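Please treat every number below as a calculation from the coordinates, not as lab data. This structure is a prediction, so every number in the text was calculated from the model and none was measured. Please note: Cβ atoms are built from the backbone with ideal geometry, for glycine as well, and neighbour counts cover all protein chains shown.
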Amino acid sequence: MSATAAEAEAATAAGSSEKDPLLLRAARGEKVERSPVWMMRQAGRHMQVYRDLCAKYPTFRERSEIPEVSLEISLQPWRAYKTDGVILFSDILTPLPGMNVEFDIDERRGPVVEPYRTQERVDTMTKMDPEEACPFVGSVLRDLRKEVGNEATVLGFVGLPYTLATYLVEGQTSREYLEIKKMGLSDPKLLHQMLQTLCDNIGEYACYQIDNGAQVIQVFDSWAGHLSPRDYDEFALPYQKQVIAKIKSKHPDVPVIIYIKQSGALLERMAQSGADIVSVDWTVSMDEAMRRLGPNIGVQGNLDPAVLMGPHDQIKERTEEILKMTGGKNHVMNLGHGIEAKTPEPNAKCFVDTVKNFKHQ
Ligand code: CP3
């Protein structure tokens with residue numbers, strides 16, 4: 001064993017996490033020297049090196065399922081900006097074939113699924129074996145840990161059942177979610193069957209990611225913000241709770257971050273999910289979000305991604321405003337949603353550097 005490996009082991013044995021990377025310590029709620037930073041959807045479309053790779057590997061399925069390619073893309077934003085978090089380059093739909101659900105990513109239309117709207121079709125969904133269905137995910141996570149060492153935290157992620165179900169029922173991305181809402185009204189039992197199957201598989205899949213090196217898990221229920229509170233309590237929250245409880249039962253020390261878009265009205269409900277950190281979008285101010293969530297839960301976010309289209313002095317000012325509100329405690333700096341495809345790379349760098357150079361008083 002090398003000296004550093006022995007030291008790390010001794011530190012772990014002594015219960016000290018001094019050797020752990022910054023974002024992991026912050027996500028656990030420990031006092032840290034500065035707020036860590038990463039960007040949702042940081043790997044991918046806004047980077048020229050990614051667009052160059054797309055010429056060689058034209059489909060998203062290739063880019064996310066060939067381990068060497070996914071690894072390279074995951075590392076691109078880390079090399080460019082030295083973010084504190086490195087997220088696996090993959091998609092929330094990636095595990096679906098393991099449940100006997102086929103999908104395609106159309107470069108213009110986004111995800112495409114032959115819709116699931118009948119009992120017969122929902123009955124064809126199966127239990128997933130993550131290692132069999134997604135060995136490339138395990139391989140990329142293991143390699144990411146080797147590549148970044150303790151300089152960054154490796155994040156895994158999953159889509160939560162309601163958001164995944166929107167793609168299965170609608171068959172594509174949607175604006176109004178009328179088909180899934182119709183199913184919730186006319187055949188709620190069928191929708192619950194689908195949600196429960198997704199839930200059991202996704203819990204296993206998240207644990208598989210942790211077993212292979214993910215140090216933090218972000219769970220995305222991006223489209224649950226379209227639900228009325230009543231429907232959220234019936235179709236989203238119970239399954240969020242189950243997925244997170246499954247993760248916690250096997251890996252109690254792995255921090256879980258939950259994200260929902262348009263979640264301003266849902267913050268108190270998100271706090272009930274069992275997540276350690278709520279990722280806040282930009283439609284609510286961070287100080288209000290912290291007040292409503294209470295002192296026992298951390299926050300992530302929440303710069304409007306559109307701010308990265310503005311001049312550097314504005315990026316700096318608005319980023320620092322958020323950092324001041326959080327006071328540096330229980331906070332992971334991020335955008336309020338994924339980085340926009342048109343974001344100039346120097347502006348993303350300006351955002352990351354602003355966070356890294358900011359000193360809390
Ligand atoms: O954006 C979110 O709300 C996060 C959750 C989410 C992801 N994928 C995670 C993701 C959602 C809702 C999806 C669905 C999906 N998959 C979409 C959105 C379509 C819609 O309904 O609006 C799209 C375009 C895909 C396919 C996809 N996923 C592509 C083409 C790419 C690569 C290029 C890009 O657009 O950035 C992805 C990558 C992806 N999807 C990541 C994550 C966490 C990559 C890892 C990262 O850098 O964060």
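What ranking do 266-278, 84-96 get when scored by the average of other Cβ atoms within 10 Å per residue, highest first? The partial results should precede the final answer.
Details: 266-278: 20.5, 84-96: 24.0.
Answer by packing, highest mean first, reads 84-96, 266-278.
For every helix of n ≥ 4 consecutive DSSP H residues, a contribution of -39,500 (n - 2.57) applies; sum these over the chain, divide by its total residues, and give [θ] at 222 nm rounded to the nearest 500 deg cm²/dmol. Provide the component values of the computation, followed by the final result.
On the way: 16 runs with 167 residues, N = 361.
Helix contribution divided over all residues of the chain: -14000 deg cm²/dmol.
Quick check: the angle from helix 188-211's long axis to the longest principal axis of the chain, C-alpha only, nearest 10 degrees?
Compared with the principal axis, the helix lies near 30 degrees.
Please list, by residue number, every one of the GluC sites (Glu not before Pro) in segment 55-103 that is coil in DSSP and has at most 13 other beta-carbon atoms within 10 Å. Before the final figure, lay out each step's value.
Numbers: sites: Glu62, Glu65, Glu68, Glu72, Glu102; in loops: Glu102.
Here the GluC sites (Glu not before Pro) that fit, given the DSSP loop and packing criteria, are Glu102.
Counting only residues 5 or more places away or on other chains, whose amide H sits under 5 Å from the amide H of Asp281 once H atoms are built in the peptide plane?
Long-range HN contacts for Asp281: Ser263.
Which trypsin sites (Lys or Arg not before Pro) in segment 288-361 pass both tests, a DSSP loop state and at most 14 other beta-carbon atoms within 10 Å? Please list the in-between numbers first.
Numbers: sites: Arg291, Arg292, Lys316, Arg318, Lys324, Lys329, Lys342, Lys349, Lys356, Lys359; in loops: Lys329, Lys342, Lys359.
Qualifying residues, ordered by number: Lys342, Lys359.
When you count, for each residue, the other Cβ atoms within 10 Å and take the mean per peptide, how do 178-189, 250-261 rank with the highest first?
Numbers: 178-189: 15.5, 250-261: 19.8.
Put in order of decreasing packing, that is 250-261, 178-189.
Could you let me know the centre-to-centre spacing of segment 272-335 and segment 199-247, using Cα atoms, in angstrom?
If we compute the Cα centre of each part, the gap is 21 Å.
Which of the residue pairs Lys127/Lys241; Lys241/Lys329; Lys146/Lys241; Lys181/Lys261 have a Cα-Cα distance greater than 23 Å in the structure shown? Show your work: numbers first, answer last.
Details: Lys127/Lys241 19 Å; Lys241/Lys329 25 Å; Lys146/Lys241 32 Å; Lys181/Lys261 18 Å.
Violating the 23 Å Cα-Cα cut-off are Lys241/Lys329; Lys146/Lys241.
Quick one: Karplus J couplings for segment 309-319, per residue in order, coefficients 6.51, -1.76, 1.60, θ = phi - 60°, nearest Hz, x for Gly and Pro?
Each residue's phi maps through the Karplus curve to give 8, x, x, 4, 5, 6, 4, 5, 4, 6, 5 Hz.
So, R0 is 22 Å and r is the distance between the beta-carbons of Cys54 and Val112; what FRET efficiency does that work out to, to 0.05? Show your work: numbers first, answer last.
Numbers: r = 18 Å, r/R0 = 0.83.
So, using R0 = 22 Å, E works out to roughly 0.75.
Between 0 and 90 degrees, rounded to the nearest ten: what's the tilt of helix 237-250 against the longest Cα principal axis of the chain?
Here the helix axis deviates by roughly 60 degrees.
Relative contact order, percent, of segment 26-357 when contacts are C-alpha pairs under 8 Å separated by at least 6 residues? Kindly include the intermediate steps, with their values, before the conclusion.
On the way: 606 pairs, mean separation 71.1, N = 332.
RCO, segment 26-357: 21 percent.
Could you give the length gained by full extension between Asp313 and Gln119, i.e. 0.36 nm per residue of separation minus their alpha carbon distance, to one decimal place? Before the final figure, lay out each step's value.
Working: separation 194, 0.36 × 194 = 69.84 nm, distance 5.53 nm.
Here the answer is 64.3 nm.
Would you compute the Debye intensity of the chain from its alpha-carbon atoms alone, equal scatterers and no solvent, and pass along log10 I(q)/I(0) at q = 0.07, 0.08, 0.09, 0.10 Å⁻¹ to two decimals?
Debye output, listed in q order: -0.28, -0.37, -0.48, -0.60.
Starting from the Cα coordinates of segment 21-121, work out the convex hull volume and express it per residue in Å³.
Working: hull volume 14.6 nm³, N = 101.
Spelled out: Cα convex hull of segment 21-121, divided by residues, is 144 Å³.
Read phi for every residue in segment 140-152 and hand back ³J(HN,Hα) as whole Hz from Karplus 6.51 cos²θ - 1.76 cosθ + 1.60, θ = phi - 60°, with x for Gly and Pro.
5, 4, 4, 5, 4, 4, 5, 5, 8, x, 9, 7, 8
I want the antiparallel fraction of DSSP beta bridges within the chain, as a percent rounded to 5.
On the way: 4 of 26 bridges.
Of those bridges, close to 15 percent are antiparallel.
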